[in-house]
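K.L.:
What follows is a structure written as structure tokens; I'll ask about it next.
The values are calculated or read from the model by the stated rules, or taken from the named source; none is laboratory data. All values reported here derive from a predicted model rather than from experimental measurement. Ideal geometry is used to build each Cβ from the backbone, glycine not excepted, and the neighbour counts take in all protein chains shown. Remember, those area values only see protein heavy atoms, side chains included, never the ligands or the DNA or RNA. Shrake-Rupley method; radii C 1.70, N 1.55, O 1.52, S 1.80 Å.
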Amino acid sequence: GLALAALAAPAFAGDAAKGESEFKKCKACHSIIADDGTAIQKGGKTGPNLYGVIGRQIGTAADFKYGDSILAAGADGTVWDEALLAAYVADPGAWLKEKTGDAAAKSKMTFKLAKGGEDVAAYLASVKPAQ
């Protein structure tokens, strides 16, 4: 049964500890603030709060004004998972063009995380409300 269990596990695996360190690149624009107001990562407000982003519908963080393209990307109910988020942060503009089918799609996120996106995604998956 071990081989079967390995097949059932997702092939996507980042390192949450590395991702926590890598997140320092994200803090200029993003914070991670728990629902009770606890600051897990203090950061900027240019981008949405990333607490619980993995498992949340794209473009739905409370009290954040998103751009039209990211709202369009989430309009079909798509939820962020680790693989999607890692692909997005590598090149947000290109990802949005592909996801929306709109060649003019733009991302307000101008930063590109060339490597380490899977680690950041694993870290973000670890900072969420208890299920």
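K.L.:
Calculated FRET efficiency, K45 and A103, Cβ-Cβ r, R0 22 Å, to nearest 0.05?
P.N.:
Efficiency for this residue pair is about 0.15.
K.L.:
Another question, then. Which Cα, out of C29, P48, Y88, lies furthest along the positive dipole direction of the chain (beta carbon charges, K/R +1, D/E -1)?
P.N.:
C29
K.L.:
Largest first, please: the extent of the C-alpha atoms of region 22-93 along each principal axis, to the nearest Å.
P.N.:
On the principal axes, region 22-93 reaches 31, 25, 20 Å in Cα extent.
K.L.:
Determine the sum of side-chain charges near D63: Lys and Arg each +1, Asp and Glu each -1, restricted to other residues whose C-beta is under 13 angstrom from that of D63.
P.N.:
+1
K.L.:
Still on this structure, I have one more. Please list, in order along region 89-103, the HN-Hα scalar couplings obtained from phi with the Karplus expression 6.51 cos²θ - 1.76 cosθ + 1.60 (θ = phi - 60°), rounded to whole Hz, x for Gly and Pro.
P.N.:
So the Karplus estimates, Gly and Pro as x, are 5, 5, 7, x, x, 5, 4, 5, 4, 5, 5, 8, x, 9, 5 Hz.
K.L.:
Compute the distance in nm between two label points, each set 7 Å from the Cα along the Cα-to-Cβ direction, one at K25 and one at A90.
P.N.:
Roughly 1.3 nm, to one decimal.
K.L.:
Using Cα springs under 10 Å in a Gaussian network model of the chain, which residue among A75, A86, A121 shows the largest mean-square fluctuation?
P.N.:
A75
K.L.:
Calculated from DSSP H runs of 4 or more alone, at -39500 (n - 2.57) each and per residue, what is the 222 nm mean residue ellipticity of the chain, nearest 500?
P.N.:
After summing the helix terms and dividing by the residues of the chain, the value is -10000 deg cm²/dmol.
K.L.:
Something else: What figure in square angstrom, to the nearest 10, would you give for the accessible area of D102 with a 1.4 Å probe?
P.N.:
Result for D102: roughly 70 Å² accessible.
K.L.:
Quick one: with all protein chains in place, what share of the accessible area of the chain is carbon or sulfur, to the nearest percent (1.4 Å probe)?
P.N.:
57
K.L.:
Computed from the coordinates I sent, Cα Rg over 2.2 N^0.38 Å equals one of (i) 1.19; (ii) 1.07; (iii) 1.65. Tell me the label.
P.N.:
(ii)
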